[in-house]
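The values are calculated or read from the model by the stated rules, or taken from the named source; none is laboratory data. Bear in mind that the values here come from a model prediction, so they are computed numbers and not experimental data. Every residue, glycine among them, receives a Cβ derived from its backbone with ideal geometry; neighbour counts consider all protein chains shown. The accessibility values were calculated without ligands, DNA or RNA, using every heavy atom of the protein model including side chains. Shrake-Rupley method; radii C 1.70, N 1.55, O 1.52, S 1.80 Å.
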Amino acid sequence: MLSSADVLGQIGLPAPISELAAKTWDAIIVGAGHNGLACAAYLARAGQRVLVLESRTRIGGACTIEEPFPGVRMSPCAYLAGLLHPLVVEELDLPRRGFAWTPAVNGLFVPFLDGSSVQLWDNDELCEAEIRALSPRDIAGWRAMNDVIRRLRDAMRPDGPGDLWLCDAPTRELIDDRLASDHEARALLFDWSMAEFVERYLSDERLQIAYLGQGVIGANASPFDPGTASIRFHHASGRLGGMPGMWGYVRGGMGMVSFYFCDAAREAGTLIACGVPVAQILPGDGVRLESGERIPSRLVISNADPRQTLRLLGRSADPAWRARVEQIPIEGCTVKLNVLLRELPNFTARPGTDQPHHYGQINAPLTKAEWKSGFAAARQGKFPDQLWCELYFQSVHDRSIVPAGFHTMSVFAQYVPYALAHGDWNSRRDQARNLALHSLDRFCSNIGAAVVDAQVLGPPDIEKKVGLTGGHIFQGECLPPYMWSKRLTARTPMPGFYLCGACTHPGGSVIGINGRNAAMAVLKDRGAI
């Protein structure tokens, strides 16, 4: 059998639909995103007969690999690893399957409109030197800001079995017990806006705006909105490779993670069928396909987002559960550009096209006024004057993904509207492309000449391409009112029906533990563990 990577996730049908429908399955998983594939792997390894049904022709959902340009391999949505759980990496034996990654130790580079810049290295000594050169008075505050993140991570997500991601969502009482008298950590987790967070510890406005974007990644909220600081913590809470808070580049691209999960699931006996859309979920009884066939199963697990899941459940959905799902905000505000370059961007604050900052992450920041006006414009269905952009260059770490003489650039930008007040995304996609590149052009001397081509994915494009309702990359908001004990759980009120996607605890990003948690819930309910 060819590996999933050999065919870029286009694995086809393992058997005719009639043959699949003739069997009774222990579990059918709807959706072959990375969490669904992880769930399948764990269930199959426990001896369950598992079938995964994917409506698209390629597995991986938002975490896959395509060729947007000839000879160029990129993940259309997911771009960096950081929250992928080390336990899943170990238990599914990802290194044996080829998993390797390069830590982004060069951290976050942020140029400013006044010509200054800062490189926030993932090395305390180097980063402190940068802070001292830019704003010496902020050294103590910068240390304190990092320390509260460390304390919160160690309390909530200690290395080992005490990690609160490895269980049902903890209650507020349990969280309060963990945090004890650490009022700063509690405020970071539940209360502070990102603006409050940075303004509490940093006095230089350049440093403040350098961090603001880290509190709204994937969230349809302003950094001035309560609770956005928790987004910063969520993305700093990982321990991949034993390095707290570190992110990095997966060799071959982020979609390789889904491909490895797929191979682990198939190796354990799972059958995965692509190009097979489900029309209806029948809790405890199986599914009905759009083509009319019914496939029986003792239970069904949905990896689809909660709104899509509701549509598939139809009248089978528990009314109270339906009402809860319908209250979760699920309209995305991000635009993703996958860009082919002749050369890397030349940032005027630190000139050159092969510099240390190209090996980390780069932000094109906004002023506080631009943050506020940009968010307000998107809420009114308008494009803002400038976009906050976060940039990654996979090709500097992995030349195998691009032809010689070229580079790739992933641009993750906010805010854009899902529904435009005038026109639509089909007619105004080029405007979004130009807006993102213009937002970079403020800090670079060569963007116009460097860009060969760009794929632009607004929220409706992400919805259509990946199947995420509203184009929301985390299957719904990850702000405090929708996290921890308030997030959806693997178990549902419908007997014989579970969830395993990013809408469940512990939340969004490429984690894999959502799928594991769902599998553990199923196996526990069946008395298998």
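Multiplying the residue separation of Arg442 and Asp114 by 0.36 nm and subtracting their alpha-carbon distance yields 117.0 nm.
Checking the a/c ratio against 1.5 first, then a/b against b/c, what shape does the Cα gyration tensor give for region 1-40?
Judged from the Cα gyration tensor, region 1-40 comes out oblate (a/c at least 1.5, b/c at or above a/b).
For the pair Cys167 and Arg132, label points projected 7 Å from Cα toward Cβ lie 4.2 nm apart. Packing here is the average count of other Cβ atoms within 10 Å per residue, and on that basis the peptides 38-46, 61-69, highest first, run 38-46, 61-69. Between the residues Val287, Gly423, Pro493, the greatest Cα displacement towards the positive end of the dipole of the chain, with unit charges on the Cβ of Lys, Arg, Asp and Glu, is found for Val287.
Counting Lys and Arg as +1 and Asp and Glu as -1, each charge on the Cβ, what is the dipole of region 128-278 about the Cα centre in debye, to the nearest 20? Intermediate results must be reported in sequence, preceding the final value.
Details: 16 positive and 21 negative charges, 72 e Å.
It works out to roughly 340 debye.
Look at where the Cα atoms of region 253-325 and of region 181-225 average out, and the two centres are 37 Å apart. Based on the Cβ-Cβ distance of Ser427 and Lys524, what FRET efficiency does E = 1/(1 + (r/R0)^6) give at R0 = 45 Å, to the nearest 0.05? FRET efficiency, Ser427 to Lys524: 0.30. For the chain, the dipole from Cβ point charges (+1 on Lys and Arg, -1 on Asp and Glu) about the Cα centre works out to 1060 debye, to the nearest 20.
Rolling a 1.4 angstrom probe over the protein heavy atoms with all chains in place gives the chain an accessible area of 36 Å² per residue.
When the Cα positions of His397, Ala320, Ile301 are compared along the charge dipole of region 283-402, Ala320 comes out farthest toward the positive end, with charges on each C-beta of Lys, Arg, Asp and Glu. For Asp398, no residue whose modelled amide H falls within less than 5 Å of its own remains once neighbours fewer than 5 places apart on the same chain are excluded.
Along the axis of the charge dipole computed for region 4-85 (Cβ charges of +1 for Lys and Arg, -1 for Asp and Glu, origin at the Cα centre), the listed residues Pro14, Ile28, Ala81 are led at the positive end by Ile28. Once the Cβ-Cβ distance between Ala100 and Thr57 is put in as r, and R0 is 41 Å, what FRET efficiency do you end up with, to the nearest 0.05? Efficiency for this residue pair is about 0.90.
Label separation (Asp6 vs Arg322): 4.6 nm, computed from points 7 Å beyond Cα along the C-beta direction. For region 134-176, the dipole from Cβ point charges (+1 on Lys and Arg, -1 on Asp and Glu) about the Cα centre works out to 280 debye, to the nearest 20.
Looking at the chain alone, DSSP beta bridges between its own residues are antiparallel in about 70 percent of cases. Scalar couplings 3J(HN,Hα) for region 478-488, obtained by applying the Karplus form with A = 6.51, B = -1.76, C = 1.60 to θ = phi - 60°, are 10, 6, x, x, 10, 10, 6, 5, 9, 8, 4 Hz; x denotes Gly and Pro.
Based on Cα contacts under 8 Å between residues 6+ apart, region 266-374 shows a relative contact order of 13 percent.
Per-residue accessible area (protein heavy atoms, 1.4 Å probe) orders Arg150, Arg298, Arg58 as Arg298, Arg150, Arg58, starting from the largest. In order along region 151-168, the Karplus-derived 3J(HN,Hα) couplings, from 6.51 cos²θ - 1.76 cosθ + 1.60 at θ = phi - 60°, round to 4, 5, 4, 5, 6, 8, 9, x, 5, x, x, x, 4, 6, 7, 9, 5, 4 Hz, and Gly and Pro are given as x.
Once you have a ≥ b ≥ c as the square roots of the Cα gyration tensor eigenvalues for region 82-231, tell me rounded if a/c is under 1.5, and otherwise prolate or oblate according to whether a/b is larger than b/c.
oblate
The reciprocal of the average 1/r between distinct C-alpha atoms defines the Kirkwood hydrodynamic radius, which for region 5-154 equals 19.7 Å. The largest-to-smallest principal axis extents of the Cα set in the chain are 68, 56, 48 Å.
Semi-axes of the equivalent ellipsoid for region 25-68, computed as √(5λ) from the eigenvalues of its C-alpha gyration tensor and ordered from largest down, come to 22, 10, 6 Å. Contact order for the chain, expressed relative to its length and based on alpha carbon pairs under 8 Å spaced 6+ residues apart, stands at 23 percent.
The HN-Hα couplings worked out from phi for region 37-51 by the Karplus form 6.51 cos²θ - 1.76 cosθ + 1.60 (θ = phi - 60°) are 5, 5, 4, 4, 4, 5, 5, 5, 5, 8, x, 7, 8, 10, 10 Hz, whole numbers, x standing for Gly and Pro. Of the peptides 484-494, 249-259, the order by per-residue mean of other Cβ atoms within 10 Å, starting with the highest, comes out as 249-259, 484-494. Between the alpha-carbon centres of region 108-170 and region 409-483 there is a gap of 27 Å. Given a 1.4 Å probe and the protein chains as shown, Lys372 ends up with an accessible area of around 110 Å². State whether region 274-418 is rounded, prolate or oblate according to the following rule on the C-alpha gyration tensor (a ≥ b ≥ c being the square roots of its eigenvalues): a/c under 1.5 gives rounded; otherwise a/b larger than b/c gives prolate, and the remaining case gives oblate. Because a/c hits 1.5 or more and a/b fails to exceed b/c, region 274-418 counts as oblate.
Could you tell me the number of lysine pairs in the chain with C-alpha atoms less than 20 Å from each other, where the two lysines are 8 or more residues apart or belong to different chains? Pairs that pass both the separation and distance tests number 5. With the simple spin-label model, which puts each label point 7 Å out from Cα in the Cβ direction, the Glu205 to Arg150 separation comes to 3.1 nm. Between region 71-104 and region 1-59, what's the alpha-carbon centroid distance in Å? Going from one Cα centre to the other spans 20 Å.
For Ser4, the residues 5 or more places off, or on other chains, whose built amide H falls under 5 Å of its own are Asp263. On the basis of the beta-carbon distance and an R0 of 41 Å, Arg143 and Ser18 show a calculated FRET efficiency of 0.05.
Database remark: amide H of Ile29 closer than 5 angstrom to the amide H of Leu51, Val52, Leu53, Ile301 (H placed geometrically; neighbours at sequence offset of 5 or more, or on other chains; Pro and chain starts carry no H).
Counting only protein heavy atoms and a probe of 1.4 Å, the accessible surface of region 23-108 is 50% carbon and sulfur. Within region 454-529, the percentage of alpha carbon pairs spaced more than 17 angstrom apart rounds to 53%.
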